[in-house]
Structures are given as C-alpha cells and as structure tokens.
Amino acid sequence: MIPIAKNIKRYFSQINFRALAFKKHGNLFGIRTLDIAIICLAVVISVTAGFFVFSGLNRYVVINDNGQEIAVKTMKATVGEVLEQTGIKVGVEDYISMPLDSKLAKIQENRIDIKRAVPVSIQVDGKTLEIKTYKDTVREVLKDNAINIDENDKIVGSQLGDKIVSNMNISIIRVEEKTVTETYPIPFKTITKDNNRLNKGLKNIVREGKEGVREKTYKVVYEDGKQIAKQLVKDIVAVNPLDMIVEVGTVLNYKTSRGDTLRYSKVLDMKATSYTASFADTGKHPGDPGFGITATGVKAKRGIIAVDPKVIPLGTRVYVEVPGAAPDYGYAVAADVGSAIKGNKIDVYLDSTEAVNAWGVKKVRVYILK
C-alpha cells in the first residue's frame, strides 16, 4: 500500500476517534468542521501525489521510422510494447536501433531509429540474389552479403558509393587477368648430302632431327570466365631445332635378271652384233699369227666385246642387257675393235657360228661399270 493511502486511512481513523470524544463532551459542530478541513486537505494531497505518480510512470519516446519522426508518451515498459501501441511493425530485414525487449528509460528521452529494408537484385558469379536490405550504399550491401569485389571487377550501372534505392539492380562482372604461356613446335630441317660410295636410291641417316620449342606468353583477360582479350607479351625460342642430316647415294646401280646389283656410271642404248674367231669373222685361220687374239692382246672368248674406243674406251668393264625374254649377254670387257664397229654399236664374242647366226642384231643396253 502506498504512503498516501495509508495517510488517508489514518486520517479517517482519527476522525472516528474524535467524533466519539466530542459526542461524549457535546461539541459535535466543532469536530465536523475540523474533520471536513482535514478530509479536503487529504484529497488535495492524494490528487497531487497521484499526478506526480502518473507523471513518473510515463516514458517519452521518439520513433524515427525511415525518416518520419513520431513523439509518444507511454506507460509501456519496452520497445516492443510501445511499437505495438503505435501500430508500427518491424520486419525481419528492417533495422531497429534497440532490441524489442529493451527497457524504456523513465527520465531521459528514448529514441528508436528504424530503417526499412528495400528489395535489391544482385547478379554475381552466375547467380541472381533477390534480397531485402536496409544498408545505405552498394559497398555496404555487398559486404553484408559476403560478396567480395576485386580491383579488376566491374559493377555495371552503379558504383560502390551509390545510395541504395528500392528495386535497385546491381550487376557484377568478375574480371580476371592471367599470364598464359603456350608452346609451339619448331620443325627441324632435313639436310641432304651426296655420298659417292652409296648406291643411288639409298639413304643413310647420319643424325636424327629434333623439333625445337617456341614459347609465346600472353596476357589474357576473362570476364565471368569468358575470354575477351589476348595480348602477346613475349615470344622466344626456348629450344632450338636440331636439323636432320641424311646422306643420299649417287652411285648408279642396276639389278640384273640374274639378281646381281651393278654399280655403273653410265648407260648406253646400242645395237649389238656378234662374232667368233673364225676366218669368216677375222680373216685368220688357226695357226696364223694373231689368230684368236684381240686388239688389246687378250685372247678372244665369251665376255670380250669389240667397241668404238671413242664411245667406250678399251679396258672398260660393262654389262650388256638384252631387253625382253632373251637372256642377257652379261658381264664383258671392251677389249677389241672392228672396222665395222663405229658409234653406238658393239660386237659381242660368241663361241660358235651357230650362236652368231642365232644372235643376229639386237638392241641392247650397255651399263658402264664403276
């Protein structure tokens, strides 16, 4: 019970006591006058005390709701209660400067600041974020949503310091610069050298070739993972190529019908007749001086041919090929001459007149052997 109520109760108890006393002594008018005065005084005191008690229970609150201020006197005890009293609702995304369960001060002014969250769309890293925020600037919104911005990144349509407005669209393009080195093969060359000891058509690899390596360094710019620029900054030969060296045979060669491989320096297409050591062919009989002896002094036999020394020098080794089905005459030596043998014509020695008759005149190919 508050002190004022106790005092009033005490005053009324005193009045009843005095009324009995005055009634006993016969002064009723005096006691009534005194009691009325006391009652009036008690009422005044009670009213005054009640006013001060009511005033002491009031809280003074100023609510700034997104820039609009509302002043409220309230007997509510907490922030949530005074907002409910004023019909102000605060969303989850909204900012409020004091927790809803905060106690209101009785003496000093209570100030409650509210920032209303607005919808904002953010396009970043291939995603679209639809958020509500009470932050003031683009920089604060990105930080609040753990979106980091590098110095190379682009913000389309706004800047970090721009104020946030409702339904704002923030688009971020990730910009990345990379240094990329690409390698390219450098083909090696093939150097050929003649080898006069190697048959024509044959090759001998003296040294294998090896490709070189060219390095090109680029500065590449990507936007959201897509290449938009590529600039060459360095171009060097990292490894020089090693040329291949190949020897190529220059010696002419021919594979005979017998399977032999001939090495020759020259080939002549000629007409070939044949002869024996008989009188009909040489004008000498057996026993005559020089019978069966060639112009070079060797004995005439198969493998000896008569030539024009201006075309085939005496002593030259040859191979006589007979094109077609007939067998080749084969290896021979230019060791004889004849009055009828001039120019591209040869006379091959055979062992019998029958063989000479069978030979007749043939087109032959004469290989001058090395």
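Worth pointing out:
- For region 254-268, filtering for residues that are over 21 Å from Y349 (Cβ atoms) and not hydroxyl-bearing (S, T, Y) leaves 5.
- Which listed residue is touching a residue at least 60 places away in the same chain (Cβ under 8 Å), of a type outside the set (V, I, T) and within 30 Å of K255 (Cβ to Cβ), from N195, N199: N199
- Some residue of region 275-291 being surrounded by fewer than 11 Cβ atoms within 10 Å (Cβ to Cβ) and more than 28 Å from L350 (Cα to Cα): no
- Subset of region 163-190 [aliphatic (A, V, I, L, M), part of a strand (DSSP E or B) and exposed (fewer than 13 other Cβ atoms within 10 Å of the Cβ)]: V180
- Test: residue in region 286-307 that is in contact (Cβ under 8 Å) with a residue 60 or more places away in the chain and closer than 19 Å to V364 by Cβ: no
- Yes/no for L242 being touching a strand residue (DSSP E or B) at 6+ places or on another chain (Cβ under 6 Å) and either over 29 Å from G212 (Cα atoms) or at pLDDT below 95 (or both): no
- Any hit, region 305-315, residues being within 16 Å of K266 (Cβ to Cβ), part of a loop (DSSP other than H, G, I, E, B) and of a type in the set (K, R): yes
- If you go through region 253-284 and pick out every residue that is in contact (Cβ under 8 Å) with a residue 60 or more places away in the chain and within 60 Å of the chain's Cα centre (by Cα), you end up with 3.
- Residue match in region 320-341 (condition: exposed (fewer than 15 other Cβ atoms within 10 Å of the Cβ) and closer than 30 Å to R197 by Cα): yes
- Strands (runs of 3 or more DSSP E) lying entirely in region 75-155 (those with 1 or more residues that are exposed (fewer than 12 other Cβ atoms within 10 Å of the Cβ)): 127-133
- Search result, residues across region 237-268 that are assigned to a strand (DSSP E or B) and loosely packed, with under 11 Cβ neighbours inside 10 Å: K255, T261
- Selection count where residues are assigned to a loop (DSSP other than H, G, I, E, B) and at pLDDT 95 or above, scope region 343-359: 3
The values are calculated or read from the model by the stated rules, or taken from the named source; none is laboratory data. What you see is a predicted model; the values in this text were computed from it and never measured. A quick note on method: Cβ atoms are made from the backbone with ideal geometry, for glycine too, and the neighbour counts reach across all protein chains shown.
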